[in-house]
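These notes are about the structure you will find just below.
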Amino acid sequence: MAQTATVFIDGEAGTTGLGIRQRLEAFPAVQLKSLTGDRRKDPAARQEMMRDVDLVVLCLPDDAAKESTALADALGDRAPKLLDASTAHRVNPDWAYGFPEMEAEQAAKVAAARKVANPGCYPTGAIALIRPLVDAGVMPADYPVTINAVSGYSGGGKSMIEAHETSGGPSFELYGMGFEHKHVPETQLYSGLTRRPIFIPSVGHFRQGMLVSVPLHLDALDGKPRGADLQAILEAHFRGSGLVKVMPTQPGDRLTAEDLNDTDMLELRVYANDKHGQALLVARLDNLGKGASGAAVQNIALMLGLPHPGNALREMATA
């Protein structure tokens, strides 16, 4: 990779694109390239830009992301590396899944890939909680998993943001009651589950932040583990990770969704009552950080062979 890497964000005006651009400002070795005016939607201009950069980030709706991928593929040997922030390629085996901490080899897979699919915000939390238990042989692959989650409204796109910021918006709402949420396929695949999980998302009247929780019956898990056993499995899986932390817990804890805002961190917690054989796994993250733009920049750093700057966004905000 050249000493200075060039990056083009296709769709940089959206929430995720803006977040990626802001974070990439912490990389002196990255030169950002942009198109202006009508050229942003001109396929020829975008393809010309793709030919001249090292990496393209796709911050587009699914169909548009597929169209941009075709533009890049048509360049053959001149094609740049691609990082797709949409859901279009997340379960495509030709794309590496951009959750570097998912398993021991995943960061190396991302670093070596020419095409990487950025994970969804909800799946990031859910996979981090479930995959280690499946890999450890404690959670059967056909376990009937239920995932509940609440996110800030910034993850809902332009119309939802406008609804909350101009007219107040609802204080809280459940959605996805058709059990067809677009994040379910990647959650099931990368969690290692053979049974489709039940996923019920919700939105609160706060801009960003996220909690993802998975309730468990301990006697339905292999070996009938205690809460401390689940804690140990998560700690072993993520030991040495700079961005994923397994936190200590107390029964009287109260968790808010916004404590990791403007960071790229992911916190995991295990709450258990061994007497009743019940447990709750909880992930906390910024849906715009480790759940979107922060994860994208982590993957960009791996793909370009650059050191990750850590939580540069919060550091810039408080400087």
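On the basis of being surrounded by fewer than 21 Cβ atoms within 10 Å (Cβ to Cβ), under 26 Å from the mean Cα position of the chain (by Cα) and under 28 Å from Lys182 (Cα atoms), does Thr15 make the cut?
Details: surrounded by fewer than 21 Cβ atoms within 10 Å (Cβ to Cβ): yes; under 26 Å from the mean Cα position of the chain (by Cα): yes; under 28 Å from Lys182 (Cα atoms): yes.
Yes, satisfied.
Of the residues in the range 41-70, how many are free of Cβ contacts under 8 Å to residues at least 12 places away in the same chain and of a type outside the set (Asp, Glu)?
Taking the range 41-70 as the starting set, the residues that turn out to be free of Cβ contacts under 8 Å to residues at least 12 places away in the same chain are 41-42, 44-45, 48, 70.
Next, from what is left, pick out any that are of a type outside the set (Asp, Glu): 41, 44-45, 70.
Residues in the range 41-70 being free of Cβ contacts under 8 Å to residues at least 12 places away in the same chain and of a type outside the set (Asp, Glu): 4 in total.
Considering every residue within the range 91-103, establish whether at least one is in a helix (DSSP H, G or I), closer than 17 Å to Leu266 by Cα, within 18 Å of the chain's Cα centre (by Cα) and not aromatic (Phe, Trp, Tyr).
no
Quick one: which residue in Arg207, Arg195 is out of contact with any His (no Cβ under 9 Å at 6 or more places or on another chain), part of a loop (DSSP other than H, G, I, E, B) and open to solvent by 70 Å² or more (accessible area, probe 1.4 Å)?
Just one listed residue meets the conditions, Arg195.
Within the range 271-281, can one find any residue that is of a type in the set (Gly, Ala, Ser) and part of a helix (DSSP H, G or I)?
No - not one qualifying residue is present in the range 271-281.
Can you give me the number of residues within the range 67-81 that are surrounded by fewer than 16 Cβ atoms within 10 Å (Cβ to Cβ), assigned to a helix (DSSP H, G or I) and not acidic (Asp, Glu)?
Going through the range 67-81 one residue at a time, the tally reaches 3.
For the range 213-233, enumerate the residues that are under 13 Å from Val134 (Cα atoms), open to solvent by 30 Å² or more (accessible area, probe 1.4 Å) and within 24 Å of the chain's Cα centre (by Cα).
Of everything in the range 213-233, just one residue is under 13 Å from Val134 (Cα atoms), open to solvent by 30 Å² or more (accessible area, probe 1.4 Å) and within 24 Å of the chain's Cα centre (by Cα), namely Ile233.
When you check Lys245 against the structure, is it of a type in the set (Lys, Arg), assigned to a loop (DSSP other than H, G, I, E, B) and open to solvent by 60 Å² or more (accessible area, probe 1.4 Å), yes or no?
No; evaluated as a whole, the condition is false for this residue.
Does Asp253 satisfy being touching a residue at least 40 places away in the same chain (Cβ under 8 Å) and not aliphatic (A, V, I, L, M)?
no
Go over the candidates Thr36, Thr6 one by one and state the one that is polar (S, T, N, Q) and surrounded by 13 or more Cβ atoms within 10 Å (Cβ to Cβ).
On inspection, the qualifying residue turns out to be Thr6.
Among the numbered conditions (1) closer than 30 Å to Gln3 by Cα; (2) open to solvent by 40 Å² or more (accessible area, probe 1.4 Å); (3) polar (S, T, N, Q), tell me where Gln298 comes up short.
Exception for Gln298: condition (2).
Please pick out the residue among Ala113, Ala117 that is at pLDDT 95 or above, closer than 12 Å to Leu302 by Cα and of a type outside the set (S, T, N, Q).
Just a single option satisfies the conditions, and that option is Ala113.
Looking at Leu306, Leu285, Leu266, Leu313 in this structure, which one is at pLDDT below 95, open to solvent by less than 40 Å² (accessible area, probe 1.4 Å), under 22 Å from Lys109 (Cβ atoms) and not small (Gly, Ala, Ser)? Full working, then the answer.
Working: Leu285 fails: at pLDDT below 95; Leu266 fails: at pLDDT below 95; Leu313 fails: under 22 Å from Lys109 (Cβ atoms).
When all the criteria are applied, what remains is Leu306.
Considering the range 131-189 alone, what residues qualify as being open to solvent by 70 Å² or more (accessible area, probe 1.4 Å), assigned to a loop (DSSP other than H, G, I, E, B) and touching an Asp or Glu at 6+ places or on another chain (Cβ under 9 Å)?
Matches in the range 131-189: Lys182 only.
The values are calculated or read from the model by the stated rules, or taken from the named source; none is laboratory data. The structure presented is a predicted model; accordingly, all values stated were derived computationally and were not measured. As a convention, Cβ positions derive from the backbone with ideal geometry for all residues, glycine included, and neighbour counts pool all protein chains shown. Remember, those area values only see protein heavy atoms, side chains included, never the ligands or the DNA or RNA. Shrake-Rupley method; radii C 1.70, N 1.55, O 1.52, S 1.80 Å.
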